[in-house]
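Okay, so here's the structure we're looking at.
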Amino acid sequence: MKIDLHIHSKNGSDGKWDLKEIFAEAAKRDISFLSITDHDSLQGQVEAIRLAKKYCMKYITGIEMNITLTHPVYTRGKATSLDFLGYGFNIANEPLNQKLKTLRDYREKRAEQILENINREFREEGIPGLTHEDMKAIQESVDGSFGRPHIANYLIKKGIVTSKQEAFDRYLVRCDVPKMPLSLEEASMLVRGAGGKLVLAHPNDTNGTSLAVLAKSLAEQQEIIREVMIPLIDGIECWHTRHDTLTSSSYREFVLDQGLIATGGSDCHQQPVIMGGVAVPDCVAGQFGV
């Protein structure tokens with residue numbers, strides 16, 4: 001069985017493809033169990049369930065949520081971002097949907113504040129400021145969750161920068177506004193309250209929002225999980241595109257020792273298309289009754 005429980009779409013967040021393209025490609029790749037895990041969004045779940053039935057695939061509802069973790073020792077009291085995956089929840093759950101709406105509304109206000117900060121920089125550089133029409137144009141370009149990458153794309157389109165990296169280096173890092181914090185406790189309550197399971201995403205991903213930022217060694221990462229997370233999570237993403245064999249094996253042993261579930265996926269945003277590229281063992285499906 002080919003499994004991929006970490007895929008992003010254009011419908012709900014920052015994937016390049018829409019769900020129809022994703023499921024058609026997943027079928028070509030013989031993926032038989034998958035989950036769409038868009039960032040802070042359930043927008044594509046109904047369509048994903050429909051397409052899974054069309055292609056005779058096993059499907060489990062999914063989401064990726066960004067958590068703000070603060071700890072007096074491990075984060076030195078500063079806020080640190082970590083990603084968590086929710087699986088198997090009721091997509092109609094009212095508290096979960098209400099919180100996601102709150103996060104979405106704040107994201108739009110945050111984008112407006114970022115644009116105001118960018119305009120301040122533009123004035124100093126003698127560049128015409130971005131207007132409400134520009135904001136509207138950026139919003140129209142968003143298929144899923146509004147974020148800084150959409151602003152970067154618009155700055156490229158306007159000819160102000162030549163790449164996303166330049167947009168971030170010149171403006172988006174300096175002009176950033178903090179995200180609305182979501183605690184691990186609240187995320188756990190929301191996902192579990194909706195009948196789902198909460199899973200720590202890619203704990204040793206050196207390129208992402210992961211425990212690798214706080215601790216380089218796997219032993220140190222796992223100590224943080226023991227002390228801070230165990231009562232609040234149900235599992236860990238052991239197999240990931242940017243996990244080496246040692247990482248996957250170590251976390252597999254850890255979840256077995258701690259009585260947690262183990263999940264895995266490509267984290268595919270279709271840039272490039274890597275769906276089904278991670279060797280996730282069949283036992284992962286069994287944890288979800290598949």
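For the residues T263, T247, the requirement of being of a type in the set (S, T, N, Q), in the same structural domain as D30 (by TED's automatic domain parsing) and either surrounded by fewer than 17 Cβ atoms within 10 Å (Cβ to Cβ) or more than 30 Å from D18 (Cβ to Cβ) (or both) singles out T247. Taking L260 as the residue in question, decide whether it is over 19 Å from G208 (Cβ atoms), out of contact with any helix residue (DSSP H, G or I) (no Cβ under 6 Å at 6 or more places or on another chain) and without any contact (Cβ under 8 Å) to a residue 12 or more places away in the chain. In short, no.
Among the residues of the stretch 221-243, is any part of a helix (DSSP H, G or I), polar (S, T, N, Q), closer than 30 Å to E25 by Cβ and more than 16 Å from the chain's Cα centre (by Cα)? It would help to see each step written out before you state the result.
First, pick out the residues of the stretch 221-243 that are part of a helix (DSSP H, G or I): 221-232.
Retained after the next criterion (residues that are polar (S, T, N, Q)): 221-222.
Pick out the ones that are also closer than 30 Å to E25 by Cβ and you get none.
Within the stretch 221-243, none of the residues are part of a helix (DSSP H, G or I), polar (S, T, N, Q), closer than 30 Å to E25 by Cβ and more than 16 Å from the chain's Cα centre (by Cα).
Out of all the residues in the stretch 86-98, is one or more surrounded by 13 or more Cβ atoms within 10 Å (Cβ to Cβ), assigned to a helix (DSSP H, G or I) and polar (S, T, N, Q)? So far as the stretch 86-98 goes, yes, one or more of its residues are surrounded by 13 or more Cβ atoms within 10 Å (Cβ to Cβ), assigned to a helix (DSSP H, G or I) and polar (S, T, N, Q).
If the requirement is being under 21 Å from the mean Cα position of the chain (by Cα) and without any contact (Cβ under 8 Å) to a residue 12 or more places away in the chain, which of these qualifies: A187, A212, A201, A194?
Values: A187 fails: without any contact (Cβ under 8 Å) to a residue 12 or more places away in the chain; A201 fails: without any contact (Cβ under 8 Å) to a residue 12 or more places away in the chain; A194 fails: without any contact (Cβ under 8 Å) to a residue 12 or more places away in the chain.
One residue alone meets the criteria, A212.
The values are calculated or read from the model by the stated rules, or taken from the named source; none is laboratory data. In this text, all values refer to a predicted model and were calculated from it rather than measured experimentally. Neighbour counts are summed over all protein chains in view; Cβ atoms, including those assigned to glycine, are modelled from backbone coordinates with ideal geometry.
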